[in-house]
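Have a look at the structure below, then the notes.
The values are calculated or read from the model by the stated rules, or taken from the named source; none is laboratory data. Keep in mind that this is a model prediction, so the values were computed, not measured. All Cβ positions, glycine included, derive from the backbone under ideal geometry; neighbour counts span all protein chains shown. Ligands, DNA and RNA are stripped out before the accessible areas are found, and what is left, the full protein with its side chains, is counted by its heavy atoms. Shrake-Rupley method; radii C 1.70, N 1.55, O 1.52, S 1.80 Å.
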Amino acid sequence: MWRSRLLFKCLLICVTAWSGRISNSGAFAKTSRRPNIVVILTDDLDVAMGGMTPLNKTKKLIGDAGISFTNAFVASPLCCPSRASILTGKYPHNHRVTNNTLEGNCSSTAWQKSQEAHTFPALLNKLAGYQTFFAGKYLNQEKNSKYYNYTLSVNGKAQKHGADYSKDYLTDVLANMSVNFLEYKSSYEPFFLMVSTPAPHSPWTAAPQYQHRFDDTGAPRDPNFDVHGKDKHWLIRQAKTPMTNSSVRFLDDAFKKRWQTLLSVDDLVEKIVSSLEARGELDNTYIFFTSDNGYHTGQFSLPLDKRQLYEFDIRVPLLVRGPNIKAGQTSQFLVANVDLGPTMLDMAGINVNETQMDGTSFLPVLEGKANASSWRSDILVEYEGEGRNISDPACPLLGPGVSECFPDCVCEDSYNNTYACVRTVAPAADLQYCEFDDNEVFVEVYNLTADPFQLTNIAKTIEQEVLEKMNHRLMMLQSCAGKTCRTAGVYDTRFKFEPRQMFIGRSRQPQKMK
């Protein structure tokens with residue numbers, strides 16, 4: 001038995017490979033032709049605002065050759081909690097990564113001891129003998145989304161990079177390392193390859209050949225662009241409407257630069273697909289393309305960030321191609337990033353019921369075998385807000401407890417920006433029900449069928465019975481673990497609507513904001 005390397009600690013950006021083989025008593029015979037799996041994960045790529053537009057090669061090589069999901073969501077709209085959900089197949093309340101810091105359990109010692117050995121790449125290696133390779137951003141630490149002047153950890157050995165495009169542009173470096181793995185890996189075992197690009201995360205540094213593309217492009221002016229978020233949580237209501245001219249110019253420039261960085265991601269996808277095709281492995285390889293969370297640029301007068309409960313932050317692209325997937329499909333089945341791990345384990349023949357994962361395999365959807373009437377109708381979205389104990393110099397009047405503030409005193413986060421939502425996709429109406437862990441226990445409800453831009457909070461006008469049922473479902477999802485997260489649940493007609501019950505037992509941060 002070869003030595004097996006599982007997941008690893010990464011302080012900046014990691015490039016590593018696991019290698020392993022199970023013994024003859026393992027789950028598979030060595031002669032079985034199990035599929036290969038490739039995951040391409042972008043950083044902060046929205047789908048609600050046309051973020052996929054520059055990715056023509058990606059759409060052709062993965063989406064057109066397979067299936068595109070229109071209802072793919074994340075369990076939390078922030079990098080590290082979301083990536084932890086991808087790796088573990090768990091909702092945040094079970095993996096307990098709350099933000100991008102060590103204190104928030106992001107790649108902490110506790111995470112490494114309790115979660116890493118149970119992530120799906122580790123299980124692919126341990127239970128199914130997959131060769132496993134990872135390149136790029138693993139779990140966040142400070143300043144880890146650079147394009148130049150960074151240090152990679154290559155199997156624990158530091159590798160410094162400078163500012164020479166031909167040698168150091170990170171998206172291209174990751175593409176080349178991935179292709180090198182495909183060239184030198186063993187041909188006798190299936191492989192798992194995951195590459196996590198910095199794009200389109202800030203600082204939005206485009207490759208030289210793409211720095212003048214989309215010069216006339218700005219953020220889309222959708223109906224919720226620069227609109228006051230009336231009847232929303234206080235953090236949204238405090239945003240200045242209309243935005244200042246400087247804020248609009250800044251977010252338009254950021255939007256353009258984000259698109260520019262994605263052109264190199266398009267090149268990366270082409271290189272990986274071409275390498276697989278040249279080696280005769282493309283037909284036996286599943287390829288996933290997705291993002292860790294969405295992003296907003298100007299909606300409800302929020303300049304730019306994520307962390308919010310709205311579609312632009314929680315909905316992500318998801319494209320999949322591979323064996324037994326009919327080309328040119330579009331799927332409306334509801335899937336979440338907690339389902340990625342279970343799906344890949346299912347592809348390898350591993351039963352998700354024998355793991356600790358909360359998600360469910362959507363392999364039947366990919367193969368056209370799923371029954372829409374019996375598929376899940378809702379998923380959980382969770383976020384724990386962050387705020388500083390001292391006033392932000394940009395917003396002294398708001399007092400302690402806010403963070404991510406812009407110069408014109410628009411803050412993107414706060415201690416009491418802590419919420420949990422049920423996102424429902426159903427024939428009658430797509431709904432979103434959210435409760436905040438704040439002094440108000442503020443509730444937001446949206447009918448996205450009638451109001452796709454979430455302009456009107458209907459929490460005070462919707463039927464009490466609907467509120468009670470969604471509150472009950474939210475409490476069930478927030479207490480679920482493993483198999484119980486995959487069941488629809490039964491509504492108890494004796495249950496009374498009481499939002500505060502959802503947060504019983506959770507510690508609250510000091511709140512001075514109104």
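May I ask you to verify whether residue 45 is in contact with a Ser or Thr (Cβ under 6 Å, 6 or more places away or on another chain), open to solvent by less than 20 Å² (accessible area, probe 1.4 Å) and part of a strand (DSSP E or B)? First the steps, then the outcome.
Details: in contact with a Ser or Thr (Cβ under 6 Å, 6 or more places away or on another chain): yes; open to solvent by less than 20 Å² (accessible area, probe 1.4 Å): yes; part of a strand (DSSP E or B): no.
Considered against the rule, which asks whether it is in contact with a Ser or Thr (Cβ under 6 Å, 6 or more places away or on another chain), open to solvent by less than 20 Å² (accessible area, probe 1.4 Å) and part of a strand (DSSP E or B), residue 45 comes out as no.
What number goes with the only condition from (1) farther than 29 Å from residue 37 by Cβ; (2) surrounded by fewer than 21 Cβ atoms within 10 Å (Cβ to Cβ); (3) in contact (Cβ under 8 Å) with a residue 40 or more places away in the chain that residue 206 does not pass?
(2)
Could you check residue 156 against (1) on the phi < 0 side of the Ramachandran plot; (2) modelled with pLDDT under 95; (3) not hydroxyl-bearing (Ser, Thr, Tyr) and say which number it fails?
Evaluating residue 156 over (1) on the phi < 0 side of the Ramachandran plot; (2) modelled with pLDDT under 95; (3) not hydroxyl-bearing (Ser, Thr, Tyr) leaves (1) as the failure.
Only residues that are outside any helix (DSSP H, G or I) and either touching a Phe, Trp or Tyr at 6+ places or on another chain (Cβ under 8 Å) or free of Cβ contacts under 8 Å to residues at least 60 places away in the same chain (or both): list them for the range 254-280, please. Can you show your working first?
Kept after step one, since they are outside any helix (DSSP H, G or I), are these residues of the range 254-280: 279-280.
280 - this is the single residue of the range 254-280 that is outside any helix (DSSP H, G or I) and either touching a Phe, Trp or Tyr at 6+ places or on another chain (Cβ under 8 Å) or free of Cβ contacts under 8 Å to residues at least 60 places away in the same chain (or both).
For residue 291, all conditions in the list (1) closer than 21 Å to residue 402 by Cβ; (2) buried (at least 20 other Cβ atoms within 10 Å of the Cβ) hold save one; what is the number of the exception?
Against the list (1) closer than 21 Å to residue 402 by Cβ; (2) buried (at least 20 other Cβ atoms within 10 Å of the Cβ), residue 291 comes up short only on (1).
Listed residues 279, 249; which is surrounded by fewer than 18 Cβ atoms within 10 Å (Cβ to Cβ) and under 26 Å from residue 34 (Cα atoms)?
Every option except 279 fails the conditions.
When the range 88-143 is examined, which residues are found to be of a type in the set (Lys, Arg) and in contact (Cβ under 8 Å) with a residue 24 or more places away in the chain? Give the steps one after another, and end with the answer.
Narrowing the range 88-143 to residues of a type in the set (Lys, Arg): 90, 96, 113, 126, 137, 143.
Once the filter is applied, which keeps residues that are of a type in the set (Lys, Arg) and in contact (Cβ under 8 Å) with a residue 24 or more places away in the chain, the range 88-143 yields 90, 126, 137, 143.
Mind checking whether some residue in the range 215-237 is open to solvent by 30 Å² or more (accessible area, probe 1.4 Å), assigned to a helix (DSSP H, G or I) and touching a residue at least 24 places away in the same chain (Cβ under 8 Å)?
no
Within the range 12-22, can one find any residue that is out of contact with any strand residue (DSSP E or B) (no Cβ under 7 Å at 6 or more places or on another chain), open to solvent by 10 Å² or more (accessible area, probe 1.4 Å) and either modelled with pLDDT of 95 or more or more than 28 Å from residue 486 (Cβ to Cβ) (or both)? Walk me through how you get there before you give the answer.
From the range 12-22, those out of contact with any strand residue (DSSP E or B) (no Cβ under 7 Å at 6 or more places or on another chain) are 20-22; that's our starting set.
Applying the additional criterion that residues be open to solvent by 10 Å² or more (accessible area, probe 1.4 Å) yields 21-22.
When the remaining residues are screened for being either modelled with pLDDT of 95 or more or more than 28 Å from residue 486 (Cβ to Cβ) (or both), the result is 21.
Yes, there is a match, as at least one residue in the range 12-22 is out of contact with any strand residue (DSSP E or B) (no Cβ under 7 Å at 6 or more places or on another chain), open to solvent by 10 Å² or more (accessible area, probe 1.4 Å) and either modelled with pLDDT of 95 or more or more than 28 Å from residue 486 (Cβ to Cβ) (or both).
Check every one of the helices (runs of 4 or more DSSP H) wholly within the range 99-195 and list those with 1 or more residues that are over 29 Å from residue 404 (Cβ atoms), of a type in the set (Lys, Arg) and open to solvent by 30 Å² or more (accessible area, probe 1.4 Å). Give the steps one after another, and end with the answer.
Values: elements: 109-114, 120-128, 165-168, 170-184.
In the range 99-195, the matching helices (runs of 4 or more DSSP H) lie at 109-114, 120-128, 165-168.
Of all residues in the range 51-98 being of a type in the set (S, T, N, Q) and part of a loop (DSSP other than H, G, I, E, B), which is modelled with the lowest pLDDT? Explain how you work it out, then say what you get.
Keep residues of the range 51-98 that are of a type in the set (S, T, N, Q), which gives 53, 56, 58, 68, 70-71, 76, 82, 85, 88, 94, 98.
Add one more test, that the residue is part of a loop (DSSP other than H, G, I, E, B), and what stays is 53, 70-71, 76, 98.
Numbers: 53: 95, 70: 97, 71: 97, 76: 98, 98: 92.
Once the filter is applied, the top-ranked residue is 98.
Tell me which residues, restricted to the range 475-491, are open to solvent by 60 Å² or more (accessible area, probe 1.4 Å), at pLDDT below 90 and not in a helix (DSSP H, G or I).
Scanning the range 475-491 gives 487, 488, 490, 491.
Since residue 378 meets every condition but one in (1) open to solvent by less than 60 Å² (accessible area, probe 1.4 Å); (2) touching a Phe, Trp or Tyr at 6+ places or on another chain (Cβ under 8 Å), which condition does it not meet?
(2)
Pick from 356, 308: which is surrounded by 22 or more Cβ atoms within 10 Å (Cβ to Cβ), part of a loop (DSSP other than H, G, I, E, B) and in contact with a helix residue (DSSP H, G or I) (Cβ under 8 Å, 6 or more places away or on another chain)?
On inspection, the qualifying residue turns out to be 308.
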